[in-house]
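Step one of this worksheet: look at the structure below.
Every number here is computed from the coordinates shown, using simple stated rules; none is lab data. Note that the structure is predicted; figures quoted are calculated from it, not measured. No Cβ is skipped: glycine too gets one built from the backbone with ideal geometry, and neighbour counts run over all protein chains shown.
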Amino acid sequence: MSIDLSNGQFPSAAGYLDTSTLGLPPARAADALREAIDAWQAGAASAPGYDRAVERSRAAFAGLVGVPPAWIATGGQVASFVGLVAASLPAGAEVLAVEGEFTSVLFPFLARADLHVRIVAPDRLAGAVTGATDLVAVSAVQSSDGTLADLETIGKAARAHDARLLVDATQAVGWLPTDARAADYLVCGAYKWLLSPRGTAFFSVRPEHWETLRPVHANWYGTPDPYNGIYGGPLRLADDARRFNVSPAWLAWVGTAAALDLVCEVGVDAIHAHDVALASRVRDALALPASGSAVVSVAVTDAEAERLRDAAVRFSIRDGRARFAFHLYNREADADAVLEAFD
């Protein structure tokens, strides 16, 4: 059953099935950004004032992934947080990843020539963990086709071999119930399923790693009191995951706070049921295997792609296949528009 957002939060969402690339902002987020820009232009904005949006976002994200806000660092991009983990590994460490992984998850490790990066087929990941593995890095939902990782099995394998687990949840949080406690590190960009401006990201770190993970991006915003004592040494960092904060892109966080408020109000369980039902409507009609994903990946001919575009369906092409991503602003009519193109 469709979620009722007829209050105008998404007035132009009809046919938009490209959330895996870029989520749409709810009206409240767009309004908050306009107000913030007006205040900035009028000289009424203040740096500490933007912190309210950052902290609201941090608390909301923590609630979405089931951890305390103290576990969450804020920043701008997924790759910077993955890079922090990569920089903290000892020379010779083995990193296990999957074929076709998104480059922001993979490249920070490949960029270190002194690491051993072992890449396996996605369905072999859990079984490929050995005593030599130091870190397993995987996306909760693959960007290319929406395939869900079996994080429970992968996590058990990692723990059994004393390996750490890094999860990129960018394509998951916002529609898929996600438990950050199951990972040592969880990263998430907010501009897709969390409906936020590009330029905000989250990093969940288990407490046992706060002191051992090297804060290579140490900066003023990782201090206990960012607006006092911003000059000179000695090094002083927050005693929780905020020590890994990256200085915020202020206006982006204004939009993120408002967008996350909506996601939390609607609820991930409701969004999950809605999104998967629409995706399953398409999969069932096209005789595709069931997957439990909000994303449908299907081979498409040039003629079919043209019919989709003529019907004003927004989608993306990944690895030569059409990728349709269903989110809370979509309706049965959007799924049916896809199916009509394949008749």
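When you count the other C-beta atoms within 10 angstrom of each residue and take the mean per peptide, 236-248, 170-182 line up highest first as 170-182, 236-248. Helical content alone sets the calculated 222 nm signal of the chain at -11000 deg cm²/dmol, taking -39,500 (n - 2.57) per DSSP H segment of four or more residues and averaging over every residue.
Where does the charge balance sit around Ser20 when Lys and Arg score +1, Asp and Glu -1, over other residues with C-beta under 10 Å from its C-beta? Residues near Ser20 contribute +1 overall.
Placing dummy labels 7 Å off each Cα toward the beta-carbon, the span from Asp302 to Asp38 is 5.0 nm. Sorted fewest first by neighbouring Cβ atoms within 10 angstrom, Thr19, Thr74, Thr212 come out as Thr212, Thr74, Thr19. Using the Cα gyration tensor of the chain, with a ≥ b ≥ c the square roots of its eigenvalues, what is the shape: rounded (a/c below 1.5), prolate (a/b larger than b/c) or oblate (neither)? It comes out oblate by the Cα gyration axes. Here the relative contact order of the chain, from alpha carbon pairs under 8 Å that lie six or more residues apart, stands at 25 percent. Counting Lys and Arg as +1 and Asp and Glu as -1 over every other residue whose Cβ lies under 15 Å from the Cβ of Val129, the net charge comes to -2. Put in order of Cβ neighbour count within 10 Å, fewest first, the listed residues Ser20, Ser316, Ser12 become Ser12, Ser316, Ser20.
Among Cys264, Cys188, sorting on how many other beta-carbon atoms sit within 10 Å of each Cβ, with the fewest leading, yields Cys264, Cys188. Projecting the Cα atoms of Ala111, Thr147, Asn228 onto the charge dipole of the chain (Cβ charges, centred on the Cα centre) puts Asn228 farthest toward the positive pole. What is the spin-label model distance, in nm, from Glu55 to Leu339 if the labels are put 7 Å beyond Cα along the C-beta direction? Using points 7 Å along Cα→Cβ, the separation is 4.9 nm.
Rounded to 0.05, the FRET efficiency of the Asp239 and Ala277 pair, given R0 = 51 Å and the Cβ-Cβ distance, is 0.70. Expressed to the nearest 5 percent, the antiparallel share of DSSP beta bridges inside the chain is 50 percent. Relative to the Cα centre, the charge distribution of the chain, modelled as +1 at Lys and Arg Cβ and -1 at Asp and Glu Cβ, gives a dipole magnitude of about 760 debye.
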